[in-house]
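Structure record follows, encoded as structure tokens.
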Amino acid sequence: MLVDAHAHLTDKKFERDLQGVIKRSEKAGIERIVNVGDKLETSKISVALAHVYPMLVASVGVHPHYARFYSHEVEEHLASLAEDPKVVAIGEIGLDYHYRNSEPELQKQVFCQQLKLARTLNLPAIIHCRDAYSDLIAILQEEARRERPGVVHCFSGTRNDAEQLLAMGYYLGIGGPITYPNADSLRAVVTEINLNRVVLETDSPYLAPQHKRGQRNEPSYIKHIARQVAELRNLTLKDIAAITRYNATRLFGWLGDSVGKIAYPIGHNLYLNITNQCTNRCLFCRSNNDYVVKGHYLKLDREPSEEEILQAAGDVEEFDEVVFCGFGEPTIRLDTVKAVAKQLKARGVPIRLDTNGQGDLINGRDILPELRGLIDSISISLNAHNQTTYNKLCQPKLRQKAFAAVLEFTRKAKQVIGQVHVSAVDFPGVNITKCRKLAEEELGVPLRVRSYSVP
Ligand SMILES: [Zn+2]
């Protein structure tokens, strides 16, 4: 499922075949399109269209090109349009020093007024910026911290611009230009920034991706943009779709998923989320904030049965590996792990267990012999080089026994299962060097470092 965070379907170019455009968007897996107003007239049409096509939501605002038409009356009209529940943002508003259809001073004034309107209405802003990043950032910095900042659409600034905007809580919209041959600097920025505030957009009918360049752009072409971002980040199209869809949900304040996923793909692996119970309360665990991993919501309302897990897993043959993981400790449900692994094993797919290494402690017995032949590899969260650090970072329930149990489990797993590694998160307080030393020299297993900042 994809979200097009910026399109102008009110444009005359869509007059004749909007229905077909919407149909193709549905077929292309688009869940929602933010249909952006750029002056009062198109804002009104956008709201009206959002009531005709369920997948459309609207934004209302005056583009810097039309700043000279902004007035108190226009503002009152925008405010009343924004009362409609299908209006999700104020925009597009901003600064355009490239075309200068209106004087820069006037643009700034009108931009600030509409930012104020967005704040009053508690809506995010959809911001257009061309050749005006330093003024834009100065204006946004002068504003007091906003609860719901907004998005800089069709981002075209530098790495430094991006970092400053992200630090202020703004999202960045990435569109067709990311696919253009001359966009190396934009691609470099998108390769490096944190993806947790990136959304995808087409800006239809403008800026068609390279494949379709010169033609009228439309939302269904968003997959070309998603594919380019996926390639830059070494992720799959599905990963990028899940991440950016979740980002759009937060940005525009839509109701997110309310049912946690039991099975979710990341890259070429399938992950199984079978419990949210854990014997640790790690400081860096994402269940502390939003329960989302790479765009997948994982808060379970109850623990799924063996049948439900197998059904959610579906055709596992297409994956490189199936991993018991999720937001909890799988060995708390050891019988379920064994039963599901047995079924999946019969289909010939490699199986990994991601665990906190406290399985023996949890079950009160040596569990590894029971997993032999069912689990092909084990990844154990280490995260610390001694008990004091472990207790501080992972907050285990059994403070006196947990760390020793993890070390013991790792040693035994190496003998019984064979393929074993330990992991550590690059979170403040985790000493990667010492963890590596412990892993390699004392436990005889490799250490894998997981990035904390990647959502
Ligand atoms: Zn636009």
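A few comments on the model shown:
- By the count of neighbouring beta-carbon atoms within 10 Å, fewest first, His51, His8, His72, His224 end up ordered His72, His51, His224, His8.
- Cα-based radius of gyration of the chain once divided by 2.2 N^0.38 Å, which approximates compact folds: 1.11
- Computed over neighbours whose Cβ is under 13 Å from that of Asn122, the net charge equals +2, Lys and Arg +1, Asp and Glu -1.
- Partners for Lys342 among aspartates and glutamates (Cα-Cα distance below 12 Å; same-chain residues under 8 apart left out): Glu306, Glu370, Asp376
- Helix 222-233 axis, angle to the chain major axis (alpha carbon atoms, nearest 10°): 50
- Among Gln343, Tyr452, Gln114 the positive-end extreme of the charge dipole of the chain (Cβ point charges): Gln343
- Take every pair of alpha-carbon atoms less than 8 Å apart whose residues are at least six positions apart; their mean separation over the length of the chain yields a relative contact order of 10 percent.
- Share of pairwise Cα separations in segment 354-455, more than 19 Å, in percent: 39
- For Ile417, Ile90, order by how many other beta-carbon atoms lie within 10 Å, fewest first: Ile417, Ile90
- Restricting the chymotrypsin sites (Phe, Trp or Tyr not before Pro) of segment 161-210 to loop positions (DSSP other than H, G, I, E, B) with no more than 16 neighbouring Cβ atoms within 10 Å leaves Tyr206.
- Farthest towards the positive end of the charge dipole of the chain, among the residues Val52, Cys325, Leu2, is the Cα of Cys325, using unit charges on the Cβ of Lys, Arg, Asp and Glu.
- Neighbour-count ranking [beta-carbon atoms within 10 angstrom, fewest first] of Lys238, Lys401: Lys401, Lys238
- When each of Lys345/Lys401; Lys13/Lys238; Lys116/Lys294; Lys27/Lys238; Lys27/Lys212 is checked by Cα-Cα distance, pairs over 22 Å: Lys345/Lys401; Lys13/Lys238; Lys116/Lys294
- 16 Å Cα-Cα reach of Lys12 towards aspartates and glutamates, excluding residues that sit fewer than 8 places from it in its own chain: Asp38, Glu41, Asp203, Glu218
We did not get these values from a lab; they are worked out from the coordinates using the rules stated. Being a predicted model, the structure only gives us computed values, none of them experimental. As a convention, Cβ positions derive from the backbone with ideal geometry for all residues, glycine included, and neighbour counts pool all protein chains shown.
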